[in-house]
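Okay, so here's the structure we're looking at.
The values are calculated or read from the model by the stated rules, or taken from the named source; none is laboratory data. All values reported here derive from a predicted model rather than from experimental measurement. Here Cβ is always computed from backbone atoms with ideal geometry, including for glycine, and neighbour counts include all displayed protein chains. We work out accessible area using only protein heavy atoms, side chains counted, and drop any ligands, DNA or RNA first. Shrake-Rupley method; radii C 1.70, N 1.55, O 1.52, S 1.80 Å.
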Amino acid sequence: TTYQRGGRQGLASDVEVLFNLCDEFGKYATDPNDNKEAVNLIDTSPTEATELKEILQCHIDRTAPSVNEYRFCGMEETKEAEPEKPKVIQAPAVTDITNTSAVILFQTSMAAKARIMYSPTRRGLRRRRNRKSTRYVRTRASNDFAKTIKLVNLKPGRKYWYRIFVQGGERSKRKRSFTTLRN
C-alpha cells in the first residue's frame, strides 16, 4: 500500500492523512502531473474528508465475511420520489336510492377528476358495451375532496355493480353493488 511504501522510504508520519485518488468522474487518477497524494483532504477539505471516511468505513463494515448483504456505500443513486397519485380513500356509500336513481358518495386523497362506471352485471364492468359511465367530476379541497354523483335512468328492482375511477390515479379497490327500489 502507499502507506507501507512511504514507510520504507522514510516518509512515515504520525499525522492523519486522507487522499482522494479519484478524478471528478470517479475514476482512479493516474495522471503523473496531477498527484492526488499531494493534497491531504483533512487539511484542505474537512467536509469531503468526513464523507470519504464514512464511505471507507462503510466498505470495511460491508465487506466483512459475516455480512451477506451487499450495497454500495455512499454512492447509491437517489431516485426522485414519484408524485402521489390520487385515489379513493373513503369507501363509497350509496344513498337516496329510488326505483330509477341512486346517489354515490366518495372521497379522494387529493384534488382529482373521478367518474363512476356501473353495470347491471359484475362482469359488465369489464366490457365497454355492457357498462355505463358518468362524466368526470372534480373533487376539491373545499369539500374535503368528497363528491356525490347521481346515477339516473336506472331500472326498478335491479342490482347494479359500480366502481369509481380516478383519472391519473387508482380505481376503487372493490366492485360494489346496490339494488334500486321496486315500483
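Ordering Met110, Met117 by how much accessible area each has at a 1.4 Å probe, largest first, what is the list?
Ranked from most to least accessible, the order is Met110, Met117.
Report the label-to-label distance for Glu84 and Ala141 in nanometres (one decimal), using points 7 Å from each Cα along the Cα→Cβ vector.
Placing both labels 7 Å along Cα→Cβ, they lie 1.2 nm apart.
If DNA, RNA and ligands are ignored and the probe is 1.4 Å, what is the ranking of Asp61, Asp96 by accessible area, most exposed first?
Accessible-area ranking of Asp61, Asp96, largest first: Asp96, Asp61.
Taking θ = phi - 60°, what integer Hz values does the Karplus form 6.51 cos²θ - 1.76 cosθ + 1.60 yield along region 94-99, in sequence order, with x for Gly and Pro?
Those phi angles translate into 9, 10, 6, 6, 10, 6 Hz.
Multiplying the sequence separation of Cys58 and Thr44 by 0.36 nm and subtracting their Cα-Cα distance, what value in nm do you get?
2.8 nm
For a 25 Å ceiling on Cα separation, which of these pairs sit above it: Lys113/Lys155; Lys85/Lys173; Lys113/Lys173; Lys147/Lys173?
Flagged as over cut-off: Lys113/Lys155.
With every protein chain left in place and a probe of 1.4 Å, what is the accessible surface of Ser177, to the nearest 10 Å²?
50 Å²
For Asn130 and Arg115, compute 0.36 nm times the residue count separating them, minus their Cα-Cα distance, and round to one decimal in nm.
Here the segment from Asn130 to Arg115 would lengthen by 3.8 nm.
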